[in-house]
1. Just a yes or no: is a residue in region 84-106 touching an Asp or Glu at 6+ places or on another chain (Cβ under 7 Å), assigned to a helix (DSSP H, G or I) and closer than 29 Å to residue 21 by Cα?
2. Would you say residue 162 is over 20 Å from the mean Cα position of the chain (by Cα), small (Gly, Ala, Ser), over 30 Å from residue 21 (Cα atoms) and surrounded by 13 or more Cβ atoms within 10 Å (Cβ to Cβ)?
3. (1) farther than 30 Å from residue 227 by Cα; (2) modelled with pLDDT under 85: which one isn't true of residue 193, the others all being true?
4. Give the residues of region 102-158 that are under 20 Å from residue 63 (Cα atoms), surrounded by 12 or more Cβ atoms within 10 Å (Cβ to Cβ) and of a type in the set (Lys, Arg), sorted by residue number.
5. Give the residue that is nearest to residue 86 (Cα to Cα), with candidates limited to residues of region 20-29 that are in a helix (DSSP H, G or I) and in contact with a Lys or Arg (Cβ under 9 Å, 6 or more places away or on another chain).
6. So residue 33 fits all but one of (1) surrounded by 13 or more Cβ atoms within 10 Å (Cβ to Cβ); (2) part of a loop (DSSP other than H, G, I, E, B); what number is the exception?
7. From the list 176, 206, 241, pick out the single residue that is at pLDDT below 75 and surrounded by fewer than 15 Cβ atoms within 10 Å (Cβ to Cβ).
8. Restricting to region 1-19, give me the number of residues that are in a loop (DSSP other than H, G, I, E, B) and surrounded by 15 or more Cβ atoms within 10 Å (Cβ to Cβ).
Amino acid sequence: MKGWVYVISNDAMPGLVKVGFSSKDPDLRASELNHTGSPHPYIVDYEVLIEHPRDIEQQAHRKLSEFREGREWFRCTPEFAVSAVQQIVGDGAIVESFKRADRLKAAEIRRQQEEEKENQERAEAGWQEQEQQIRATYEQRLQEVFPEHPAWGYIVAGIVLSFFALSGFGPKLSDGAAAFWSLVAGVVGGLVGKQWYRNYQKTSDGYRAILKQRDEELLSVRSKLVISCPKCDQSLRIPRGKNLMVKCSACRAEFSHQS
């Protein structure tokens, strides 16, 4: 079913926009809102005719959720809301009209958001690669410090101990019976003993200390952001979540960055 997704604003509510959908002309929807007693008229900033408008509207609402002021109203510019709708619509627009929203501003916002998304994806890929390297390094270190011995060694030891125990303290058994029960007890006891010793290793202070170092390194990966100097393309690591003045260690250029 075709319908419209629109962005509406009202000068009586600066900084707020309404993102909705309608099966009829958005201007008619705006005129209906004008009967709600607002001192200024509701104006359609942008409209797009598409298939499944309600689905598009709901996706746009989720995309703008951090700016939601109430129901269909969001605290952002019309161009910001238009950019969110356009990213969801993609090439699916049948008719698109910029009535009061600035087409160029919306395009620039969309470009910046797409660039930020690409940078985030590259950063995520870099973090995952670093995390895999850290995990592999510490896994190798754990194997070196706390090697996991093959099960056959435990089983052989279990068989030997079981045979001597049955021979010395058990009931009188034939050699064949003693060998059979020694084999059974040795296999079971060896596997249990292997698992017990491995669990014992993992609860030791040394094992936990290595895991703590690994977790601290993993945490540090996410607390730093790798960016490129805009002048010389040198890779730089900066704290995340801060607006910083960054000075490149290679070319000494200074620039601001919001991480």
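1. Scanning region 84-106 turns up at least one residue that is touching an Asp or Glu at 6+ places or on another chain (Cβ under 7 Å), assigned to a helix (DSSP H, G or I) and closer than 29 Å to residue 21 by Cα.
2. Considered against the rule, which asks whether it is over 20 Å from the mean Cα position of the chain (by Cα), small (Gly, Ala, Ser), over 30 Å from residue 21 (Cα atoms) and surrounded by 13 or more Cβ atoms within 10 Å (Cβ to Cβ), residue 162 comes out as yes.
3. Only one criterion in (1) farther than 30 Å from residue 227 by Cα; (2) modelled with pLDDT under 85 is unmet by residue 193, namely (2).
4. Result: 103, 105, 110.
5. 26
6. With (1) surrounded by 13 or more Cβ atoms within 10 Å (Cβ to Cβ); (2) part of a loop (DSSP other than H, G, I, E, B) applied to residue 33, the lone miss is (2).
7. Criteria check complete, one pass: 241.
8. 1
The values are calculated or read from the model by the stated rules, or taken from the named source; none is laboratory data. On a predicted model such as this, the values are computed, not experimentally measured, just so you know. Cβ coordinates were reconstructed from backbone atoms using ideal geometry, including for glycine residues, and neighbour counts include every protein chain displayed.
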